[in-house]
Amino acid sequence: MQPGYGAPMGAPAGAPGQYGQPQPGQYGQPQPGQYGQPQPGQYGAPAGGAPGAYGSVQPQPGAPGAYGSAQPARPANVLQNYANGVSPQEYQQIQQWFNAVDANRSGQLDVNELHRCLCMGGHQFSVAVTQKILNAFDTDRSGEIGLNEFVAMHKYLLAMRDSFMFFDRDRSNSLDVNELIQALQRAGHNISLPALNAALPRFDSDRNKTLSFDEYIDLCIYLGNLRKLYGFYGGNERGFIQLNYDQLVACAPYFQ
């Protein structure tokens with residue numbers, strides 16, 4: 001979404017510089033039928049037709065973790081659904097991109113390696129947003145991202161880029177408030193316009209009342225964390241949640 005990201009909106013699929021279309025041999029070159037050819041129902045929803053959107057989870061049994069516990073419970077992460085259905089050929093291509101930036105051959109990418117990889121793919125994410133992306137897909141909490149986590153991340157970013165382009169009606173490389181709320185609601189985040197306006201300044205870094213692609217991803221990750229917490233604490237069943245102070249402290253990092 002950020003200004004200067006990739007090719008101008010409205011360029012034909014496969015135009016140089018778009019996400020997923022770097023120079024030959026670099027990370028991000030898509031397979032036929034991906035970038036530029038969105039599938040019905042793909043915009044922001046988990047792969048495989050799972051209901052909801054990024055970060056939505058089914059309520060988990062058992063008591064949630066609280067402040068002071070050795071390992072606070074963590075809401076389930078459904079982002080790995082995006083890795084479902086990847087063909088062997090596509091997996092091999094993504095693995096080549098992964099290996100190309102895994103400088104120490106550890107089988108894991110740290111935030112700097114991931115940032116370099118995303119830049120090779122045409123992204124202009126900041127290191128801070130890259131760290132949030134890494135955290136969202138780091139299912140084993142290692143502080144790094146492995147190959148399977150990387151595959152899911154790649155497919156997620158493709159789907160989100162398609163969604164962003166679909167709702168960018170005026171081809172401005174950004175989403176205004178009206179376009180943004182449509183995109184979020186299509187992704188399953190049924191928030192009101194006043195709630196969006198309250199949250200927007202946190203992600204609108206240049207205060208122009210629009211979000212670029214990197215700002216949009218930052219917002220979606222934030223809403224995804226809130227959605228996971230809401231479901232984890234029973235909101236999907238009751239329509240509301242109640243937290244005591246210990247629970248609030250335990251879940252506060254997800255709001256960062």
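The values are calculated or read from the model by the stated rules, or taken from the named source; none is laboratory data. Bear in mind that the values here come from a model prediction, so they are computed numbers and not experimental data. Quick reminder, even Gly has a Cβ in these numbers, built from the backbone with ideal geometry, and neighbours come from all protein chains shown. Only protein heavy atoms, including side chains, enter the accessible area calculation; ligands, DNA and RNA are left aside. Shrake-Rupley method; radii C 1.70, N 1.55, O 1.52, S 1.80 Å.
Summary table
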{"quantity": "Additional length obtainable on full extension of the chain from Phe240 to Gln92, 0.36 nm per residue less Cα span", "calculated": "48.9 nm"}
{"quantity": "Shape call, region 161-207: gyration tensor on alpha carbons, a/c limit 1.5", "calculated": "oblate"}
{"quantity": "Shape of region 68-224, Cα gyration tensor, a/c cut at 1.5", "calculated": "prolate"}
{"quantity": "Estimated distance in nm for a label pair at Val127 and Ser106, the labels positioned 7 Å out from Cα along Cα-to-Cβ", "calculated": "1.5"}
{"quantity": "Accessible area of region 140-230 belonging to carbon and sulfur atoms, whole % at 1.4 Å probe", "calculated": "50"}
{"quantity": "Burial ranking of peptide ranges 228-235, 104-111, 239-246 (average Cβ count within 10 Å, highest at the top)", "calculated": "228-235, 104-111, 239-246"}
{"quantity": "Set of lysines near Lys228 by C-alpha distance (under 17 Å), chain-local residues within fewer than 8 positions excluded", "calculated": "Lys132"}
{"quantity": "Highest-first arrangement of 198-210, 144-156, where packing means the average Cβ count within 10 Å", "calculated": "144-156, 198-210"}
{"quantity": "Highest average packing first - 122-129, 215-222, Cβ atoms within 10 Å", "calculated": "215-222, 122-129"}
{"quantity": "Prolate/oblate/rounded label for region 193-256 (Cα gyration tensor, a/c 1.5)", "calculated": "prolate"}
